[in-house]
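The values are calculated or read from the model by the stated rules, or taken from the named source; none is laboratory data. None of these values were measured; they are calculated from a predicted model. Every residue, glycine among them, receives a Cβ derived from its backbone with ideal geometry; neighbour counts consider all protein chains shown.
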Amino acid sequence: MNTEDLLKEANIGSEINDKDTARLIINKDKIIDTNEVEGLKVDAREIKDGVDIKIRLEKNTVIEKPVHLCFGVTQQEAVQKIILDIEIGDNSSINIFSHCIFPLAVDVKHIMDGKIRIGKNSFYSYTEKHIHSEEGGITVIPKARITLEENARLKTIFELLKGRVGNIDIDYETTCMDRSVMEMTAKIYGKSDDIIKIKETGNLIGKWSRGVLTSKVAVRDNARAEIFNKLFADAEYARGHVDCKEIIQGNGKASAIPIVEVNNSKAHITHEASIGSVDSKQLQTLMSRGLSEDSAVELIIEGLLS
């Protein structure tokens, strides 16, 4: 598989030749292509087994078109380390699509260590889409520490589009200042002997700050999932919610630990967690319409993760 195939897997087509679309394409530890747009500076440096990346968005800058990051490995065995340092200036906006592609992985480790600061009155969206091999031979370890300044907004989505999970261990922590808003969502389907670990923490330390942590996970066969979501509120009128839903099939195992901690009488946080098999009423309804049990289960899970 070459880099062109990698881009096809990521569904990156015309963007590769669009001078108005910012992008950074990496195959293992090699920078394949990069393009900057006005107001956005991308400084990428090749290091041993990976790339060190600094992204700077100037203040008062709105990037209209999504920025494309592609972190891929075309080998069956490899280590890829991504060091990511992002600064979003005040009064700015950016939407990043991050494609992580390991279609041939037999023994691949992808490690990401991110530090992100979102300036005052700014918006930062980060959608992370994964494509894995069917072998499950991938270990993904993403870690990020994120700070939202006053009135900043953060939206993150993590999802597996194709292939098996393998081993995944997510560790994200966000700190919210006054009137900032965070939404963090993870959607993963584990099969065979996949292992899913999600740890997401939100620190609501600013007045009127808000946060939502959402995890939607399904496991079947012998897959395992461990979800640890925590919201901490230490400021007046901080508001938050933790929502964890897990579906188990076969010998799958799942645990969910939603933690809410409130240290201010004027703050309010709620949580909801559910673990179980697919809804029997939904299952019977779909089967009555001609679907097999397996097809009905897959459709229900697809609905959960949509």
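Within region 268-306, if we keep just the residues that are loosely packed, with under 14 Cβ neighbours inside 10 Å and part of a strand (DSSP E or B), the residue that is modelled with the highest pLDDT turns out to be T270. Screening the candidates K120, K143 for the property of being surrounded by fewer than 20 Cβ atoms within 10 Å (Cβ to Cβ) and under 22 Å from I47 (Cβ atoms) yields one hit, K143.
The sole residue among K155, K109 that is in a strand (DSSP E or B), free of Cβ contacts under 8 Å to residues at least 60 places away in the same chain, more than 30 Å from Y237 (Cβ to Cβ) and among the basic types (K, R) is K109.
The residue pairs whose first member lies in region 5-29 and is at pLDDT 90 or above and among the charged types (D, E, K, R), whose second member is surrounded by 22 or more Cβ atoms within 10 Å (Cβ to Cβ) and not in a strand (DSSP E or B), and whose beta carbons are closer than 6 Å, counting only pairs six or more residues apart or on different chains, are K28/V73. Filter region 223-267 for residues that are of a type in the set (S, T, N, Q) and farther than 22 Å from E159 by Cβ; which is surrounded by the most Cβ atoms within 10 Å (Cβ to Cβ)? In this case the residue turns out to be N264.
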